[in-house]
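Notes for the one structure printed next.
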Amino acid sequence: NEELLINSEKLSVAGQLAAGIAHEIRNPLTSLKGFLQLIASGRQNNKNYFDIMKSELTRIESIVSELLMLSKPQIYELSYRDLRHVMRETVTLLEAQALLHSIELDIQYGEEALWVHGVENQLKQVFINVLKNAIEAMGDGGSIQIVCVREGGDVIVRIQDYGPGIPREQMAKIGQPFYTTKDKGTGLGLMVSYKIVDNHQGNVSVNSTLGSGTTFEISLPYNNPEESSNGGSSNKVTPIHR
Ligand code: ADP
Ligand code: MG
C-alpha cells in the first residue's frame, strides 16, 4: 500500500542520514580521544594538540547545530511574501560578514512585486546558505550579484559570485549530505536548501565556470495573493507534508 511505501522510503532516508551523521561525528571524536590519550600518558605536552582538539570540537558543534535547525518544531507559517523584501532583509543579515571580507552584495530588482507563497524563514535560510557559500568562495574583495526577476510563472533569484567555480566532477556531489570541500564546512547547507526549495515546488540550478565563478539560480512559483484561488488569506498555519 502506498502509504506504507512512503513511510519505509522515509525511514531509509532517515537511516542514511543517521549513518552519515554518526560517521561525521565519530571521526573528530576518535581523533579527540587519541589526543587525550597522548596527553594523559604524560609523554607529550604539546599545546598544538589543544588547537587541533578545539577545531575538532568546533566541527562537532557546528554539525550538531545545523542538525538541530533541521529538527525545529515542524509548524510552518505559510504566507504571501514579496521576494524583493525577503531578499533585502537577508542581505541586511549578511552585510556584516560581507563587509568583513570587503565584499559588496549588489541586489537588483524591478518595480513589480515578486509574490511567492511559502515559509519566509525557510526561504531566508536558503538565500543565507547560498550567499554564505558565495562569500566563502570569493575570499576577499569583489562583489556578489543578486538579481530578482519574474519570468512568466516563476520568480527567479540569481546569485552570482566570482569565486574559483566548481569542478565538473564535484557538481554532482554538492548538496549531498556532508559533502564539503572546506576545512570547517558541514556539507549540510545546500542539502537543507535544496529540500526547502523542493518543498516550495521550486527548483535550484547551478552554473559554474572554473576560474570565473558560480551562479545559483533559485526559482519559485509566482503566487499573487490577489489572484490566488483561496482569496489571498495569509498567515495560515499549515504543515507541509513531505
Ligand atoms: P559547506 O558550505 O559547509 O561546505 P554546503 O552544502 O553549503 O556545505 O556546500 C557544499 C560544497 O559545495 C562546498 O563545500 C563547496 O565545495 C561547494 N560550493 C557551494 N557553493 C559554492 C560556490 N558558490 N562556489 C564554489 N563552490 C561552492
Ligand atoms: Mg555552506
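The values are calculated or read from the model by the stated rules, or taken from the named source; none is laboratory data. All values reported here derive from a predicted model rather than from experimental measurement. When we count neighbours, we look across all protein chains shown, and the Cβ atoms used for this are built from the backbone with ideal geometry, even at glycine.
A residue that is within 15 Å of ligand 2 (Cβ to nearest atom), under 15 Å from the mean Cα position of the chain (by Cα) and either farther than 15 Å from V130 by Cα or free of Cβ contacts under 8 Å to residues at least 24 places away in the same chain (or both) occurs nowhere in the range 214-230. Candidates are the residues of the range 99-137 that are surrounded by fewer than 17 Cβ atoms within 10 Å (Cβ to Cβ) and of a type in the set (S, T, N, Q); the one that is farthest from ligand 2 (Cβ to nearest atom) is Q108. With respect to (1) within 16 Å of ligand 1 (Cβ to nearest atom); (2) surrounded by fewer than 17 Cβ atoms within 10 Å (Cβ to Cβ); (3) in a helix (DSSP H, G or I), the lone exception for D140 is condition (3).
Residues of the range 87-103 include none that is among the β-branched types (V, I, T), within 30 Å of A18 (Cα to Cα), at pLDDT 90 or above and within 20 Å of the chain's Cα centre (by Cα). The listed residues are I156, I146, I196, and the only one of them that is more than 9 Å from ligand 1 (Cβ to nearest atom), of a type outside the set (D, E) and under 20 Å from A98 (Cα atoms) turns out to be I146.
Evaluating Q122 against the criteria (1) under 21 Å from the mean Cα position of the chain (by Cα); (2) more than 15 Å from ligand 1 (Cβ to nearest atom); (3) more than 20 Å from I174 (Cβ to Cβ); (4) touching a residue at least 24 places away in the same chain (Cβ under 8 Å) leaves one unmet condition, (3). With the requirement that a residue be more than 10 Å from the chain's Cα centre (by Cα), within 12 Å of ligand 2 (Cβ to nearest atom) and either in contact (Cβ under 8 Å) with a residue 40 or more places away in the chain or not in a loop (DSSP other than H, G, I, E, B) (or both), what does the range 161-198 give you? Across the range 161-198, the qualifying residues are F178, K182, K184, T186.
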